[in-house]
Structures are given as C-alpha cells and as structure tokens.
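For reference, the structure is listed below as structure tokens.
Nothing in this text is a laboratory measurement; each read-out follows from the coordinates by a stated rule. Nothing here was measured: the structure is a model prediction, and the numbers come from that model. Counting neighbours? That spans all protein chains shown, and the Cβs are built from the backbone with ideal geometry, glycine included.
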Amino acid sequence: MKAAKESSVQYRLYHPADFEQLYAIEEACFDSTLRFDRCYMKQLTERASSATWTAEIDGRLAGFVIVEWTRMLRGIVAYIQTIEVDPVFRRRGIARELLRRAEESAREARATYIWLHVDESNAAAIALYQSRGYEHHGHHEHYYENGHNAEIYARALTGA
Ligand SMILES: CC(C)(COP(=O)(O)OP(=O)(O)OC[C@H]1O[C@@H](n2cnc3c(N)ncnc32)[C@H](O)[C@@H]1OP(=O)(O)O)[C@@H](O)C(=O)NCCC(=O)NCCS
C-alpha cells in the first residue's frame, strides 16, 4: 500500500486577501473575550513597522505570526503581537518556523531585542518561546481581559 503523501508547508508574507482565513484561525485559537477584534487585527497586519508571516498547507492557511518594531531611546525593539496555529496543524514545528521568520524580519529592521506577553497558564506557548531562547523577564498582573496574568519573555536578536 502506498504511504499518504505528507503535504509541505509554505511560508510567505501575508497578503490582504488572507485576512478571512487568518481571522478564522484567531477564532479557533481564542474565545471571544480574548480575541483581537477584526478591525484591530486588520490594523495590526497593515502597520508599516510590522511583518506578518503565514504558513500555508495545500492552499489553506495553517498559522501566522505578527511582529512589529518601534524605535526606543536605546534602539529598535520588536514585539510579538501574536502567534497562532490552527489546532489541526499543531506540533509540526510550524510555530517555531514562524517565530524564526518573525525574528529575522525584526533583525532586518535593525531590532536588537524582541519581547512578548504570554498567559501564565499557556504552557505550550511558553515552551515554544523557551525553545527559541526566550527568557523570563517579568510578570504583568491581570493583563488579559479574563483577569489572567501575563508573563513577559524576551531575547536579544543577536544569535540565530
Ligand atoms: C503555541 C502554539 C502557537 C504552538 O504552535 P505549534 O505549531 O503547535 O508549535 P510547534 O510545533 O512549532 O512547537 C515548537 C515547540 O513548542 C513547544 N510546544 C508546542 N506545543 C506544545 C504543547 N502543546 N505542549 C508542550 N510543548 C509544546 C515544544 O517545545 C515544541 O517543540 P517539540 O515539538 O520539538 O517538542 C499553538 O499551540 C497555538 O496556536 N496556540 C493557541 C494560540 C496561542 O496561545 N498563541 C500564543 C499567544 S502568546
């Protein structure tokens, strides 16, 4: 019997035409109290100092990451707005590759540091960030709409 052919993942930058699929992933990942609303999500993908990377499998969006960067007193700092993978396509290394690409875009924008918030109970995301070299840099009480606390993770953008 022939083995089923494994579909490959295509990584590319976001196009506005991806928005409905991108937002469907947001809806699959977060309940309504925690979701970015459609308008805000659209704005995030359109900001000049940002990059949205997508992962596509057989023409279907499987995940995305949005990174943005800002000039601060001590240089350019990047921030991961969100990273999300459709539940159907998890644990295949997609988020890790999206994160690597987001870091690369931030580096190209001359960011030297990248940081993010993550729900303290989100063990999967925390393990992902730690696997990419992020370290714990703080805690934000009641950061999320549901009252959950956030942890802050960050890393320098000097290494790979
Ligand atoms: C967090 C999330 C993006 C991970 O996506 P993913 O594509 O499944 O992650 P990857 O397959 O790239 O995993 C990379 C590493 O992260 C860690 N990881 C990912 N999911 C994990 C889980 N469920 N449990 C434990 N570790 C996990 C592992 O270290 C994994 O490496 P390994 O598979 O070699 O052990 C995904 O679970 C998701 O979309 N969650 C909902 C949205 C969300 O919470 N986003 C984070 C916002 S801060």
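Condition check for F36 on (1) within 15 Å of the chain's Cα centre (by Cα); (2) outside any loop (DSSP other than H, G, I, E, B): one failure, at (2). Evaluating S32 against the criteria (1) more than 28 Å from A154 (Cβ to Cβ); (2) within 12 Å of the ligand (Cβ to nearest atom) leaves one unmet condition, (2).
Just checking, how many residues over region 56-107 are more than 8 Å from the ligand (Cβ to nearest atom) and on the phi < 0 side of the Ramachandran plot? Write out each step before concluding.
First, the residues of region 56-107 that are more than 8 Å from the ligand (Cβ to nearest atom): 56-62, 64-79, 81, 88, 100-107.
Checking the rest, the ones that are also on the phi < 0 side of the Ramachandran plot come to 56-57, 60-62, 64-74, 76-79, 81, 88, 100-107.
So the answer is 30.
Among the residues making up region 114-130, those that are within 17 Å of V65 (Cα to Cα) and surrounded by 14 or more Cβ atoms within 10 Å (Cβ to Cβ) are I114, W115, L116, H117, V118, D119, N122, A125, I126, L128, Y129. Kindly check whether there is at least one residue in region 111-133 that is within 10 Å of the ligand (Cβ to nearest atom) and touching an Asp or Glu at 6+ places or on another chain (Cβ under 6 Å). Within region 111-133, one or more residues are within 10 Å of the ligand (Cβ to nearest atom) and touching an Asp or Glu at 6+ places or on another chain (Cβ under 6 Å). Would region 143-158 turn up any residue that is within 11 Å of the ligand (Cβ to nearest atom), within 11 Å of the chain's Cα centre (by Cα), more than 22 Å from R47 (Cβ to Cβ) and surrounded by 15 or more Cβ atoms within 10 Å (Cβ to Cβ)? No; the residues of region 143-158 include none that is within 11 Å of the ligand (Cβ to nearest atom), within 11 Å of the chain's Cα centre (by Cα), more than 22 Å from R47 (Cβ to Cβ) and surrounded by 15 or more Cβ atoms within 10 Å (Cβ to Cβ).
Of the set (1) among the basic types (K, R); (2) crowded, with 16+ Cβ neighbours inside 10 Å; (3) in contact with a helix residue (DSSP H, G or I) (Cβ under 7 Å, 6 or more places away or on another chain), all apply to R101 but (3). Residue count for region 77-98 satisfying the condition of being assigned to a strand (DSSP E or B) and either of a type in the set (S, T, N, Q) or surrounded by fewer than 18 Cβ atoms within 10 Å (Cβ to Cβ) (or both): 2.
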